[in-house]
1. Residue 26 is checked against (1) within 12 Å of the ligand (Cβ to nearest atom); (2) open to solvent by 30 Å² or more (accessible area, probe 1.4 Å) and fails just one. What number does that condition carry?
2. Select from the stretch 43-60 the residues that are more than 16 Å from residue 142 (Cβ to Cβ) and exposed (fewer than 14 other Cβ atoms within 10 Å of the Cβ) and write down the one among them that is farthest from the chain's Cα centre (by Cα).
3. Counting only residues that are among the aliphatic types (A, V, I, L, M) and within 9 Å of the ligand (Cβ to nearest atom), which one in the stretch 31-77 is farthest from residue 164 (Cα to Cα)?
4. Mind counting the residues in the stretch 218-248 that are in contact with a Gly (Cβ under 6 Å, 6 or more places away or on another chain), within 22 Å of residue 197 (Cα to Cα) and open to solvent by 50 Å² or more (accessible area, probe 1.4 Å)?
5. Looking only at the stretch 51-100, count every residue that is part of a helix (DSSP H, G or I), farther than 20 Å from residue 131 by Cα and out of contact with any Pro (no Cβ under 9 Å at 6 or more places or on another chain) and tell me the total.
6. Being within 11 Å of the ligand (Cβ to nearest atom) and open to solvent by 60 Å² or more (accessible area, probe 1.4 Å) is the filter here; which residues of the stretch 98-116 pass it?
7. If residue 14 satisfies all but one of (1) without any contact (Cβ under 8 Å) to a residue 40 or more places away in the chain; (2) outside any strand (DSSP E or B); (3) away from the ligand (no atom under 13 Å from the Cβ), what's the number of the condition it fails?
8. So which of 227, 245, 189 ends up being touching a residue at least 24 places away in the same chain (Cβ under 8 Å) and acidic (Asp, Glu)?
Amino acid sequence: MIFKSLIQTNLRTEYLGKNIEYYQIIDSTNKEAYELIKNNEAFHGMMIITDNQKNGKGRSNKQWYMGPSKGLAMSIIYLKKLSYDNALLIPLAAGLSVAEALKNQGFKPSIKWPNDILINNKKIGGILCENKIQKNTIESFIIGIGLNINETINDFPKDLQETATSLYLEKGFSLQRELICAIITTFLERYLQDFNSIINQWMTYCNHLDTEVSFHYQGEKCSGIFEGINRKGYAKIRIDNNIKEFPSIILK
Ligand code: BTN
């Protein structure tokens, strides 16, 4: 069970999370957000949250696992006009907000480009943003956030047990999901009001600056030195002494 009132008590926002749609069980909060937008039932800043996400969507068409009654799965709907450049920064702002919230609670998170949230090099959270573009204008933006909070190791499917972690596994005590959700949302609103601050702050959490990274891009395997991100959030990678810029690639 997630208590909407507990989220709202802890929120320090003007518009994000003022409307909360809670579902005890749901396929995917991103999918539900999409339906609400399609049916004209969505508000700017609306939050969709569930206690049990059965069929969560991850990046690269993968599934996202959430421990029922243990993890956090939420989506925020953004309906205000957005420039293309600012829209590119939203996924980074979301990952950054999760990292800031975890730091605020005494953890030492890092971010792997573009927005895998890690603790001790294990994945603890991820971001999936989806948008609807019409006539070259971004009409709506869905910011999906998944975070492992109170899962024990046996809660994770076997194939994730080596690479995933949760806040409980890192500290040995349970955390209130509503509080973590509210802190993330409060940071997110702050970054959505100040797009210029996102890149520099994001860099302070990046765990692979100036190191060699490898990735697949347009079907080819590439590797190079990660030199940071540009103003659009693209990765700057030095390959054979040339800096090349890549949109959302998946680092290995
Ligand atoms: C990733 O693969 O790293 C991104 C995972 C994003 C999962 C979240 S959980 C809430 C929201 N709803 C979904 O179906 N997916 C995102």
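1. (2)
2. Selected residue: 54.
3. 33
4. Total satisfying the criteria: 1.
5. Total meeting the criteria: 0.
6. none
7. All conditions pass for residue 14, except number (1).
8. From the options 227, 245, 189, the qualifying one is 189.
The values are calculated or read from the model by the stated rules, or taken from the named source; none is laboratory data. Values in this document were obtained by computation on a predicted structure and should not be read as measured data. Counting neighbours? That spans all protein chains shown, and the Cβs are built from the backbone with ideal geometry, glycine included. Side chains included, ligands, DNA and RNA excluded: accessible areas come from the protein's heavy atoms. Shrake-Rupley method; radii C 1.70, N 1.55, O 1.52, S 1.80 Å.
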